[in-house]
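Read the figures in this text as sums done on the coordinates, not as results from a lab. Being a predicted model, the structure only gives us computed values, none of them experimental. Glycine also receives a Cβ, built like all others from the backbone with ideal geometry; neighbour counts cover every protein chain displayed.
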């Protein structure tokens, strides 16, 4: 037996579906949306020395106190060096072992073996290194961002050992002190 649905029933069913759908649309809850935008910028580290000297790519050349070019056994020469970060994030500065070049090549005895270096943070009077020139290195020197007001003055003292052998007379050494800064 086949069930037959009148046209009128079909019409009412279709209208009912449309009314229910329309009611569902009009009963929707309020909604809203929005976007947020921001910019991220990487901070900078910019290690500088004394009066805005960069030291990279060319080395910053410094002279020590009077007599640095005419040391006698037992003499000490000093140089204050301002190290600062003109970047925007705090830094930890370290000094790696220096590169030393002797004007006489590889003499025995060598002048560099008779030079003792002391590096001191002038503000805190903290000794960062004290020993032979060839091993002069330190780590962990905190320097704030913002330039010279947050920098550190390092006092570098170099002494020609009082017992230096006569063979070092007349020698000279070029020394490169490799400072680096990393994010604190």
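Descending by average beta-carbon neighbour count within 10 Å, the peptides 72-81, 113-122 line up as 113-122, 72-81, the highest first. Length gained on full extension, residue 126 to residue 108: 3.1 nm, using 0.36 nm per residue less the C-alpha separation.
Listed by Cβ neighbour count within 10 Å, with the fewest neighbours leading, 84, 129 appear as 129, 84. With each label modelled as a point 7 angstrom along the Cα→C-beta vector, the residue 33-residue 175 pair spans 6.7 nm.
Between residue 182 and residue 63, the distance separating the two model label sites (each 7 Å from Cα on the Cα→Cβ line) works out to 3.7 nm.
Between residue 42 and residue 142, the simple spin-label model (points 7 angstrom out along Cα→Cβ) gives 2.5 nm. Peptides 99-107, 169-177 ranked from most to least packed, by the mean per-residue count of other Cβ atoms within 10 Å: 169-177, 99-107. One decimal place: the segment residue 88-residue 155 gains 21.6 nm when fully extended, by the rule 0.36 nm per residue minus the C-alpha distance.
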